Amino acid sequence: MLPPAAAKTFDELTLGHGVCLEDLIDRDALGEMVKSFYELFNVPLRIFSEEGKLLGDAADQIPLYAFLNSVKAGRAALSDVASKLKTLPLGEDGMASFLCSTGESYRVATIQYDGKRIGRMILGPFLALEVSEPPQTLLTLDSTLDAARLRELFQAMPRAEDDSVVKLVRHLQRTLDLLLFSGHRALLTSNMHLASVRESFRELEDKNEKLQTAFDRLKELDRLKSNFLATVSHELRTPLTSIIGYSEMLVEGLAGEMTGEQREFVQTIRDKGEQLLQLIKGLLDLSKLESGTMSLRKSQTDILTVLRDVAQTMTPTARKKEVDILVEVENGLPLIWADAERLRQVFLNLTENAIKFTPPSGKVTLSARITAIDAARSDDAGGVVILSARRTAVEFRVADTGIGIPEGERGRVFDAFYQVDSSSTREAGGTGLGLSIVRRLIDGHDGSVRIVDNTPKGTVFIVTIPVKRATIG
Amino acid sequence: MQLDFVNRELTIKLVYYGPALSGKTTNLQALHKSAEPGASGRLMTLETKDDRTLFFDLLPLTFRNQGSLAVRLKVFTVPGQVIHASTRRLVVQGADGIAFIADSRSIETQHNTESFMDLRENLKQHGLTLKQMPLIIQFNKRDLPDVRSDAEIAELASKGREPVYLAVATRGIGVVESMIGLLHLTWSALDAEHDLNKKFGFDSKAFLAQVAQKLGSPKPVPEILQACVGGALDVLRPEAG
């Protein structure tokens, strides 16, 4: 952020080298003051900046000068006076008086601020009290001018005693000094406001830059971690496939008949190998999702097919635990824009979880119905009127009659490796990866997932996925 | 320092630094009050409603030496409140000398320390060190109860390099002495750097005497300088050269 071009530095403004009359005083207001001064004391007044710019003027109403301006010689004489007054050398006391060839007097005085000349004031023209006749130089200035009229206008000139004019000058200087001081203070205040805001801004920018660097580094570390995880998972799978394959062959008797106990041991090796493979697949998925390298192959997907498939796949597991699986789907549900395989993974995971935590003779219900969601996110602060174009969505529910999830834990169950109660895990199995993958997959579908209580007991996972592609946000 | 060759005018910037409410503005008010008319301009104070300095106070003092070099002293204060950090940094920029006004009360010791560290940090931001900066320390509010004792301050002062002064700024005690001490140090440093005495036929002793006199202190300068209770007044700082 650059300062405005006209802004002066703090040193320029305070150490006294950059202050000028125009900066400190409002020109219109100065003009009004000059006019009011003229009305009060009947002495014309003009104020110039140090560079000779006219800032305030109440001398244009002099009838004699208007009369003289009508002829060439008069104009020349007046302009000569004007230029002399602007450059008249001033005495030690900062003042000088000037008597024109046409008979009028002027008083010129410096305007100082903080020991520096920043302008000059010119009082006049006025006639000294004792002057009674216009000088010959005026009367003979131009023969075409009416002498009687000249005399009349000359007599009508403002009259003042030089002493009183000096007093007026002193008074004006003091008044101006006060105005300049106030102006300077206001200028400094606003300048300091700007400067300190700019300084704070610079500080914040510095801090932001440091934070950004730290953030970039963390992101890079996170990416490295995901890469590492992906590589390791991949490398682990290869030998594991052999372990599972060979133990399967052993169980099937391809290497000769085994005793019951041998078969049981090899079966355990195979089961545990399978479990390990699932865990590694989960890790791989998670790292892909985290690093953003998993691509979803979305197409128009039929919900009923997905849910039925999930129910069928899970039926053996459910039977083993004596848990019923029900699928309840509203008629006429639209196709949704989703990756069918990943959606299946989501509901397999949720259903498997539901069965795992439901005691015998309980039931797990998979249902789907059409609903609408606000395009505006609920945490948005404003603009709901504009943003809340409602979008059609499908709401899935996976409800169980299991042990339930305490309210305080519901936000955290989606974190990777988080377990509500580690003792139940030992009993029920699982890695704590499933739900974090579920949430990331749902995020990838621009959907949401939340948990509510099932009545009278159990948990409902509610997944909402918009029917069409997102066009907002 | 700013030197105007055309008008033969030298402007020196002095800054009164210190924690909030330690009496920086009061020091300037006392100087302004004791200065002869003509030597001092208007004291400009930019204050908030509760009389705390918003940005700074500014006291212009002008002296003309026999060598026809006019010296203008611009004395600034900074706002002491912690939140005005950016303003303090702006005001301290370009300072030729600094008076650190400390509150003598024992309970304020921590605030003094924090403000001093802040000064050091702000100078650092401008590429300066405390060693390079002509600096005096004033222990103000000597008239209040529960202040650190004279002996304690004298003992600490004898160990440090900065001249230390005791003051009651509300009554004008020690104010001019601190100022003369600071000016003495500042002038020595500027002269060492720019050879001002020689170039301008400047008589710095006479100048100090003139300043002291116009600030209403008729005592001879060496006597005024002796008011300092510790530190090194007459050592030219080699780092400044």
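The values are calculated or read from the model by the stated rules, or taken from the named source; none is laboratory data. Computed from a prediction, not measured in an experiment: that's the story for all the values here. For neighbour counting, all protein chains shown are included, and Cβ atoms are generated from backbone atoms with ideal geometry for every residue, glycine included.
Have a look at B:Gly94, B:Gly80 and point out the one that is over 23 Å from B:Cys228 (Cα atoms), more than 14 Å from every other protein chain (Cβ to nearest Cβ) and not in a helix (DSSP H, G or I).
Only one candidate passes the filter, namely B:Gly80.
In the stretch A:198-213 there is at least one residue matching the filter, namely being of a type in the set (A, V, I, L, M), farther than 20 Å from A:Glu290 by Cα and in a helix (DSSP H, G or I). Residues in the stretch A:312-342 that are under 49 Å from the mean Cα position of the chain (by Cα) and over 30 Å from A:Lys219 (Cβ atoms): A:Val327, A:Glu328, A:Val329, A:Glu330, A:Asn331, A:Gly332, A:Leu333, A:Pro334, A:Leu335, A:Ile336, A:Ala340. Note on the stretch B:36-55: residues that are under 24 Å from B:Arg171 (Cβ atoms) and within 14 Å of chain A (Cβ to nearest Cβ) total 10.
Restricting attention to the stretch A:173-194 and to residues that are touching a helix residue (DSSP H, G or I) at 6+ places or on another chain (Cβ under 7 Å) and among the hydrophobic types (A, V, I, L, M, F, W, C), the residue that is surrounded by the fewest Cβ atoms within 10 Å (Cβ to Cβ) turns out to be A:Leu187. The number of residues in the stretch A:18-57 being exposed (fewer than 15 other Cβ atoms within 10 Å of the Cβ) and closer than 30 Å to B:Ala95 by Cα comes to 1. Residue-level analysis places B:Ala20 outside the set of residues that are within 30 Å of B:Asp203 (Cα to Cα) and either away from every other protein chain (no Cβ under 11 Å) or out of contact with any Asp or Glu (no Cβ under 9 Å at 6 or more places or on another chain) (or both). Please go through the stretch A:426-448 and give me each residue that is at pLDDT 85 or above, in contact with a Ser or Thr (Cβ under 8 Å, 6 or more places away or on another chain) and assigned to a loop (DSSP other than H, G, I, E, B), ordered by number. Across the stretch A:426-448, the qualifying residue is only A:Gly447. Of all the criteria given as (1) closer than 29 Å to B:Val147 by Cβ; (2) surrounded by 21 or more Cβ atoms within 10 Å (Cβ to Cβ); (3) out of contact with any Leu (no Cβ under 8 Å at 6 or more places or on another chain), the one not satisfied by B:Ala85 is (2). Output the residues belonging to the stretch A:256-270 that are β-branched (Val, Ile, Thr), over 60 Å from the mean Cα position of the chain (by Cα) and part of a helix (DSSP H, G or I). Selection gives A:Val266 alone.
With a requirement of 3 or more residues that are of a type in the set (Val, Ile, Thr) and under 28 Å from A:Gly52 (Cβ atoms), the strands (runs of 3 or more DSSP E) lying completely within the stretch A:85-189 that satisfy it span A:105-113. Taken over the stretch B:101-111, the criterion of being under 12 Å from the mean Cα position of the chain (by Cα) and surrounded by fewer than 24 Cβ atoms within 10 Å (Cβ to Cβ) is satisfied by no residue. A single member of A:Glu22, A:Glu39 is assigned to a helix (DSSP H, G or I), among the acidic types (Asp, Glu) and within 24 Å of A:Asp162 (Cα to Cα), and it is A:Glu39.
Take the conditions (1) surrounded by 13 or more Cβ atoms within 10 Å (Cβ to Cβ); (2) assigned to a helix (DSSP H, G or I); A:Ser242 misses just one of them, which is (1). Just one of the listed residues (A:Glu290, A:Glu248, A:Glu235) is in a helix (DSSP H, G or I) and at pLDDT 90 or above, namely A:Glu248.
Just one of the listed residues (A:Ile122, A:Ile111, A:Ile118) is surrounded by 13 or more Cβ atoms within 10 Å (Cβ to Cβ), touching a Pro at 6+ places or on another chain (Cβ under 9 Å), under 30 Å from B:Leu61 (Cα atoms) and of a type in the set (Val, Ile, Thr), namely A:Ile122.
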